[in-house]
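Below you'll find the structure, written out as structure tokens, and then a few comments.
The values are calculated or read from the model by the stated rules, or taken from the named source; none is laboratory data. Small disclaimer: the values here were computed from a predicted structure and weren't measured. We place every Cβ from the backbone using ideal geometry, glycine too, and count neighbours over all the protein chains shown. For accessibility, only protein heavy atoms count, side chains too; no ligands or nucleic acids. Shrake-Rupley method; radii C 1.70, N 1.55, O 1.52, S 1.80 Å.
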Amino acid sequence: MPQRDGKSTGPLGGHEGLPARVRAMEDAAEQIGTTLDAVTTCEELAGFLLRNVCDAVAVDLLAEDGGSLRVATAGAVGLLTAGTAATSSVRATDRGHGLSARATVADGVPVHVLTVPVPDRDREDADRGHGLHGVLTAVRARTEFSDHEAATVRFSARLAAVHLGHARRLAATEDTVSHLQRALVAEPGRPHPNLEVASRYLPAGPRALVGGDWFETVRLHYGRTLLVVGDVMGHGLDAAVDMNAYRSTLRDVASTDLAPHRVLRQLDALAAGDAARRPATCLLVRVDPARGVAMFASAGHLPPAVFGADGSATLVDVPVGPPLGTGVGGYEAVTRAIGPQETLLLFTDGLVERRGEDIDVSLARLAGVRPPVGAGVDAVVDAVVEGLDASHAEDDVAVLAARARARPPADPQAAAGPDPQAAAGPDLETAAGPDPAMPGMPAGPGLPTVER
């Protein structure tokens, strides 16, 4: 094998060069294609050849428009320009593509250029691309490439081609997954016009796969809307399939107009009957803007936050039942008053949880976010996402926010605000009565009530 100065330290050919050639191929297999990223693979190819065979390397990949794009170079790149003026001759062929050698003189120094195709087996039968990922150019000053060295260059290019094919198929799969993800985690359904809604979905990492985080809104009778946020355990297509099953089942169960905690009981029983379905956490909030009240129920999910008009936040103390799919049941609901200037924020754990951090600390950080005074629902969501650096979260993030649209009062009594008793008024279930004031919850008219 040659050194960087172009002087060969190995045999030019013959059987005596086979051991060095085999060692070079073993090194290439270890050093090229360590990731499924096309650019990284090309950089590894260029670096390997620079260390072992030549003085300068360039890798050009075919672009979508039929042109070429230089994605990696290594070594004395000035030699690459000198090599363009060299006289070309075909030294060998590789699946119909010529392996050409050229020679020229730059500043009185002989320059030898080897151009090797990077074949694309997936497209060899297609007209577009002519079966190539691109072209590899290897340049050496002074010393000509031996047959063994040319074979090493060719082998390295073919090895990189295999990994480039893997990278392209992965990219195509991720594109399909991304479209599936956007379809499954679509904008929530249309709530009633009396409710303003905003949402965000942020997949974790640059190679995000479909996950189990989701949100939804369901229209109910009498101007009420059910807000939903859930998180199926795990990632990948299996979690996405289960997420879609939970989402579809919830729509059917919620259409019966049951209270949130009874909806969770139904979902839990149905999911427990399917042994293949993964458990999931879920938070339901039924908002009744006309009466200024919201009812909350949780299946193993983190509590929602309520942002006031001044930007301050309060975590709602919701009784936490077991995750859906366990078959245990035992869900409870809590009801509290909601004003027209308050914004409800539901979210999945990826928004707040950080590795090695206590969840109470994480929730306190959320409660410390201060959106601008008078911010709209979208602005509140933006402030939370930015304040918690959700774009760099370790897990997928789903956020759903809602605020009742203010309506002019119909009479003077309405202008005085909602009647506390009316806020806890008739429902499909009978309230068990008010509990003592909970930490972080307002007393008086905003006192929560628990239903079982």
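So here's what we get for this one:
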quantity: Only one of PRO323, PRO340 that is open to solvent by 20 Å² or more (accessible area, probe 1.4 Å) and at pLDDT below 95; calculated: PRO340
quantity: Selection from the range 42-73 of residues that are in a strand (DSSP E or B), under 18 Å from ARG158 (Cα atoms), over 30 Å from the mean Cα position of the chain (by Cα) and not β-branched (Val, Ile, Thr); calculated: ALA58
quantity: Any hit, the range 353-360, residues being open to solvent by 10 Å² or more (accessible area, probe 1.4 Å) and touching a strand residue (DSSP E or B) at 6+ places or on another chain (Cβ under 6 Å); calculated: no
quantity: Residue list for the range 296-317, filter: farther than 17 Å from MET243 by Cα and open to solvent by 10 Å² or more (accessible area, probe 1.4 Å); calculated: LEU302, PRO303, GLY308, ALA309, ASP310, SER312, ALA313, THR314, LEU315, ASP317
quantity: Evaluation of ASP257 against (1) more than 21 Å from the chain's Cα centre (by Cα); (2) modelled with pLDDT under 90; (3) farther than 26 Å from VAL381 by Cβ (one fails), failing number; calculated: (2)
quantity: Unmet criterion (only one of (1) more than 41 Å from the chain's Cα centre (by Cα); (2) of a type outside the set (Val, Ile, Thr); (3) modelled with pLDDT of 90 or more) for ARG4; calculated: (3)
quantity: Some residue of the range 234-252 being of a type in the set (A, V, I, L, M), open to solvent by less than 10 Å² (accessible area, probe 1.4 Å) and touching a Lys or Arg at 6+ places or on another chain (Cβ under 7 Å); calculated: yes
quantity: Top-ranked residue of the range 172-183 - restricted to ones that are modelled with pLDDT under 85 and among the hydrophobic types (A, V, I, L, M, F, W, C), ranked as surrounded by the most Cβ atoms within 10 Å (Cβ to Cβ); calculated: VAL177
quantity: Enumeration of residues in the range 129-152 that are aliphatic (A, V, I, L, M), assigned to a strand (DSSP E or B) and under 20 Å from ARG51 (Cβ atoms); calculated: LEU136, ALA138, VAL139, ALA141
quantity: Pairs with Cβ under 7 Å, 6+ apart, first in the range 60-80 and in contact (Cβ under 8 Å) with a residue 60 or more places away in the chain, second assigned to a strand (DSSP E or B) and among the polar types (S, T, N, Q); calculated: ASP60/SER68; LEU61/SER68; LEU62/SER68
quantity: Candidate set from the range 326-337 (those that are open to solvent by 40 Å² or more (accessible area, probe 1.4 Å) and touching a strand residue (DSSP E or B) at 6+ places or on another chain (Cβ under 7 Å)); member that is modelled with the highest pLDDT; calculated: GLU332
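Listed here are the residues, each with its yes/no results for (1) modelled with pLDDT of 90 or more; (2) in contact with a Ser or Thr (Cβ under 9 Å, 6 or more places away or on another chain); (3) open to solvent by less than 70 Å² (accessible area, probe 1.4 Å).
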| position | (1), (2), (3) |
| --- | --- |
| LEU12 | no, yes, no |
| HIS15 | no, no, no |
| ALA24 | no, yes, yes |
| ASP27 | yes, no, yes |
| GLU30 | yes, no, no |
| GLY33 | yes, yes, yes |
| LEU45 | yes, yes, yes |
| ARG70 | yes, no, no |
